[in-house]
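**Student:** Sharing a structure here in structure tokens format.
Where a number appears in this text, it was derived from the coordinates with a stated rule and is not lab data. In this text the structure is predicted, and so the values were computed from the model without any measurement. Cβ: placed from backbone, ideal geometry, glycine included. Neighbour counts: every protein chain shown.
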Amino acid sequence: STQRPRPRVLLKAPTLAEMEEMTTSEEEESP
Amino acid sequence: RPVNIPRKEKDFQGMLEYKKEDEPKLVKNLILELKPRGVAVNLIPGLPAYILFMCVRHADYLNDDQKVRSLLTSTINSIKKVLKKRGDDFETVSFWLSNTCRFLHCLKQYSGEEGFMKHNTSRQNEHCLTNFDLAEYRQVLSDLAIQIYQQLVRVLENILQPMIVSGMLEHETIQGMSGVKPTGLRKRTSSIADEGAYTLDSILQQLGSFHSVMCQHGMDPELIKQVVKQMFYIVGAITLNNLLLRKDMCSWSKGMQIRYNVSQLEEWLRDKNLVNSGAKETLEPLIQAAQLLQVKKKTDEDAEAICSMCNALTTAQIVKVLFLYTPVNEFEERVSVSFIRTIQVRLRDRKDSPQLLMDAKHTFPVTFPFNPSSLALETIQIPTSLGLGFISRV
């Protein structure tokens, strides 16, 4: 069969709001 | 500099390789600075989504979780940034809603999860992600798509709103109707204002323009149906609310005009093959109000007929229309107080809301049914106009 096994490593993701906070703080830090 | 050696498409694996330091350039050229009206108009629908997914595939193939995370975060944040900057432009919002959904579908279609692979070709199944499960990122993208959808609804609402009262209620398209005005009422708008006023045709043209933009962007047909249903709801709710507030709109001839206008909206749905979108059903309260203006309102039998006919209107709305009803000539009478009482008594047991006006800001919940694509990733070519010469097909 050409089917591959299901990917194993779950990449944890921040929520949409957390993602935005991350960017905002990064932007604030940059000059 | 990399040398481009022509290869046969079957040699490609449907991935795109880029250097980690080029990621900002990638999102800048592909998301932040892409103009839906300029370059993007000639692209295959959903191309930015396919490109981004093919970049994710390569990072997954390298087993580089940081690269995958970083690209997904930059992508999501860049889309949000574009929508913050040009969020009042229907084309921009429609374009990124379509692409966000396509990206989400790709992440499902190539996830390796059996439920999403049913329609894949065997070659497509070879293109499934190898190392990472991106289910959590799919959830974030789905949340983003909901946000974009809500923004799209706000944009189209802002555009449609000024047209609705004029086009659906004030402007008269049926010949000879303008002669049968309710007695004792003056026209609200002057003839000068009328010249620039919106007509039903303006509304139909605007609906057509929204529809053609969404189709051009390759928006999922099921999503287009939901947008159209929401547009029709807005048209119906604003029209009915204004009718309930204006005595000059509550006459037999206005009922006729509204029914004609509704028939034109239904014709538009048929023309666009959108009869099964649920859009027409959202006009039901308005349709019933128009019928209420036209039926006889005198006997007990009339009252019974009205009560069974107007099941999409609240008691408050039915009573208000009857109160406001204005005869078009001296041979017709106002609705008697006793008739209105009869209606109120008959409807007493109805457990409907006491609210008079419809919630014109109501938004139906949106869903994004999975819509896999038959496009073969290995055949996708990147137009030079996108300025992505620094990424290479693998």
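**Student:** Going out from 0 in 10 Å bins, what whole percent of all Cα-Cα distances in segment B:1-153 drops into each bin?
**Tutor:** 10, 39, 36, 14, 1
**Student:** Follow-up. Compute and list, largest first, the equivalent-ellipsoid semi-axes of chain B from the alpha carbon gyration tensor, each √(5λ) rounded to a whole angstrom.
**Tutor:** Square roots of five times the eigenvalues give 54, 21, 16 Å.
**Student:** OK, next. What is the gain in length, in nm to one decimal, between residue B:85 and residue B:65 on full extension, counting 0.36 nm per residue of separation less the C-alpha to C-alpha distance? Don't jump to the answer; show the numbers that get you there.
**Tutor:** On the way: separation 20, 0.36 × 20 = 7.20 nm, distance 3.02 nm.
Full extension from residue B:85 to residue B:65 adds 4.2 nm.
**Student:** Find the all-direction average of the projected area of the Cα convex hull for segment B:338-394, expressing the result in square nanometres with one decimal place. Show your work: numbers first, answer last.
**Tutor:** Numbers: hull surface 40.6 nm².
Directional mean of the projected Cα hull area for segment B:338-394 stands at 10.1 nm².
**Student:** Right, next: R0 = 41 Å: FRET efficiency of residue B:367 with residue B:25, Cβ-based, nearest 0.05? Walk me through the intermediate numbers first.
**Tutor:** Values: r = 35 Å, r/R0 = 0.85.
Computed FRET efficiency for residue B:367 and residue B:25: 0.70.
**Student:** For residue B:301 and residue B:357, what does the FRET efficiency come to when R0 = 25 Å and r is the distance between their Cβ atoms, rounded to the nearest 0.05?
**Tutor:** 0.25
**Student:** Let me ask something else about it. Can you give the calculated 222 nm mean residue ellipticity of chain B, where each DSSP H run of n ≥ 4 adds -39,500 (n - 2.57) and the sum is split over every residue, rounded to the nearest 500 deg cm²/dmol?
**Tutor:** -17000 deg cm²/dmol
**Student:** Can you give the log10 of the normalised intensity I(q)/I(0) at q = 0.09, 0.13 Å⁻¹, computed with Debye over equal Cα scatterers of the protein assembly as shown?
**Tutor:** Debye output, listed in q order: -0.69, -1.05.
**Student:** Multiply the residue separation of residue B:118 and residue B:337 by 0.36 nm, subtract the distance between their alpha-carbon atoms, and state the gained length in nm to one decimal.
**Tutor:** Working: separation 219, 0.36 × 219 = 78.84 nm, distance 6.40 nm.
Value of the extension gain: 72.4 nm.
**Student:** So if we plug the beta-carbon distance of residue B:131 and residue B:350 into 1/(1 + (r/R0)^6) with R0 = 56 Å, what FRET efficiency do we get, rounded to 0.05?
**Tutor:** 0.40
**Student:** How long are the three semi-axes of the equivalent ellipsoid for segment B:68-185, computed from the Cα gyration tensor as the root of 5 times each eigenvalue, in whole Å, largest first?
**Tutor:** Equivalent ellipsoid semi-axes, largest first: 47, 18, 10 Å.
**Student:** Report the label-to-label distance for residue B:247 and residue A:12 in nanometres (one decimal), using points 7 Å from each Cα along the Cα→Cβ vector.
**Tutor:** 6.7
**Student:** Sticking with this one: Once you sort the root eigenvalues of the Cα gyration tensor of segment B:75-143 as a ≥ b ≥ c, which label holds: rounded (a/c under 1.5), prolate (a/b larger than b/c) or oblate (the other case)?
**Tutor:** prolate
**Student:** Quantify how much of the Cα-Cα distance distribution of segment B:269-325 extends past 20 Å, in percent.
**Tutor:** 32
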